[in-house]
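Remarks on the structure that follows.
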Amino acid sequence: MSQVTTYIGPTATAVIKSSQRVTPETTDEVRHITLEVLDPAFQFVEGQSIGVLVPGPHDFGNQDHLRRYSIANARSIPVGTGVSLEILVRRCFYIDEVSGERYPGVASNYLCDAKLGDRITVSGPYLSPFRMPLDNRANLLMIGTGTGIAPFRAFAQLIYERRGDWKGQVRLYYGGHSGLDLMYANDETSDLAHYYDEKTFQAFRALGTKPLMTSSEALEQGLVDHAADSSRLMREPNTHVFLSGLSKVTQVFDKVMAKQAGSEADWKQLKLRMIEEGRWSEMIYD
């Protein structure tokens, strides 16, 4: 998941170690990129993001262009002089509202076109609204679409590969237009399937059933089918909710859970209690 930002902070040099397309040629290009940051002090925790600086000059006289990307892997012991981290990048384009011309997104195309061995400048890591609970008996309810799945992949790696002692229930709800745009859960890359054998882990891939159905609409369809389970978990005092992706993710979740709760007022009361208890967090972008 990426976000535009203006704050840069300390920077470091990173080397492109691998760049793999995780979506087929017939759909939007999304690449899983592995970086080695050449500074062992560049430490991060799951849920954080890094900034990628694209050298200028750019339009409107900007010297540097900075965009943040969520880190898609769990932390590990530095190897040699570097720290390994992974990001998920969708090649983006935008249409000029005045001219109608199509322009490439600066950071996404810069990263998708980068070659193995190229050196880039990164900043961060940046603080995140996501906080993984320390109690391994906590339940985790993760909801997202698109590249918003990146921090959830890092969470899964942390609790099942790095820690290996998670006892709480883990649910991942992830919406997509079709099976082609389910990053880490499609025919090209399906590494989330590694955790399907875990007794506590369940992932629900909500696919669009109509040609023009959006990822958010597909997510809503999947959440409706499992609303009772989500509601039950959230009423337990050790359940933490994480929402990641476009702003519609929150709207969809609110809509489904309000109906499950019986009224919008009852749902707002439950949600407010979770927020006040520090069990609710969002990483949302427009």
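The values are calculated or read from the model by the stated rules, or taken from the named source; none is laboratory data. Only a predicted model underlies this, so the values are computations on that prediction, with no experimental measurement involved. Backbone-built Cβ (ideal geometry, glycine too); neighbour counts: all protein chains shown.
What to note about this one:
Residue by residue, here is whether (1) assigned by TED's automatic domain parsing to the domain that holds Y174; (2) over 18 Å from F152 (Cα atoms); (3) among the polar types (S, T, N, Q) holds:
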position	(1), (2), (3)
A228	yes, yes, no
P237	yes, yes, no
T250	yes, no, yes
D254	yes, yes, no
G262	yes, yes, no
A265	yes, yes, no
W280	yes, no, no
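- Residue match in the stretch 172-189 (condition: at pLDDT 85 or above, surrounded by 14 or more Cβ atoms within 10 Å (Cβ to Cβ) and under 27 Å from D28 (Cα atoms)): yes
- Test: residue in the stretch 264-277 that is over 26 Å from S49 (Cβ atoms), crowded, with 20+ Cβ neighbours inside 10 Å, modelled with pLDDT of 95 or more and not charged (D, E, K, R): yes
- Listed by position, the strands (runs of 3 or more DSSP E) inside the stretch 81-144 whose residues that are free of Cβ contacts under 8 Å to residues at least 24 places away in the same chain and assigned by TED's automatic domain parsing to the domain that holds E46 number at least 3 are 93-95, 102-104.
- For the stretch 154-164, the count of residues that are surrounded by fewer than 18 Cβ atoms within 10 Å (Cβ to Cβ) and among the basic types (K, R) is at least one.
- Residue count for the stretch 136-150, restricted to those that are in contact with a strand residue (DSSP E or B) (Cβ under 8 Å, 6 or more places away or on another chain) and at pLDDT 90 or above: 6.
Conditions tested, residue by residue: (1) over 24 Å from V252 (Cβ atoms); (2) in contact with a strand residue (DSSP E or B) (Cβ under 7 Å, 6 or more places away or on another chain); (3) surrounded by 14 or more Cβ atoms within 10 Å (Cβ to Cβ).
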| residue | (1), (2), (3) |
| --- | --- |
| R75 | yes, no, yes |
| T81 | yes, no, no |
| E86 | yes, yes, yes |
| A114 | yes, yes, yes |
| S123 | yes, yes, yes |
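- Looking only at residues of the stretch 3-33 that are assigned to a loop (DSSP other than H, G, I, E, B) and closer than 13 Å to I50 by Cβ, we find that the one that is modelled with the highest pLDDT is P10.
- Qualifying residue in the stretch 93-105 (condition: of a type in the set (A, V, I, L, M) and crowded, with 17+ Cβ neighbours inside 10 Å): no
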